[in-house]
Amino acid sequence: MTGKAGKMAAFPGDDDRDFLASFEAALETGEIRKPSPASMKATRARWREAVKNTGERKAITLRLQQRDIERLKVIARQRGMPYQTLVTSVLHQFANGDLKERRD
């Protein structure tokens with residue numbers, strides 16, 4: 001993953017680097033398929049409509065660890081949506097009680 005000016009994003013550990021490397025390798029081998037452009041467009045349209053129907057929105061600022069942002073971007077890419085939409089969806093589900101905290 002590259003950040004601004006083409007520099008590699010900084011990861012605190014080898015686990016993160018290994019995760020992204022294995023994900024990218026799976027994309028290259030076809031083990032994981034990229035969604036088609038038509039599929040991604042349809043998914044984005046569904047998510048935009050869902051977000052639009054949630055009522056009034058307020059902009060906030062969050063400070064997240066870089067590795068968490070990179071993981072969210074990977075998950076969002078798999079689902080064919082912007083990562084900000086994924087974060088909004090997860091927070092909305094948690095606030096509504098649809099997403100429960102896992103206690104091990």
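Computed from the coordinates by the stated procedures, all read-outs in this text should not be read as laboratory data. This structure is a prediction, so every number in the text was calculated from the model and none was measured. All Cβ positions, even for glycine, are placed from backbone atoms using ideal geometry, and neighbour counts span all protein chains on display.
Along each principal axis, taking the top coordinate minus the bottom one, the Cα set of the range 12-95 gives 41, 34, 17 Å in descending order.
The residue list 55, 87, 74 was ranked by how far each Cα lies along the charge dipole of the range 12-95 toward its positive end, using unit charges on Cβ atoms, and 55 comes out on top.
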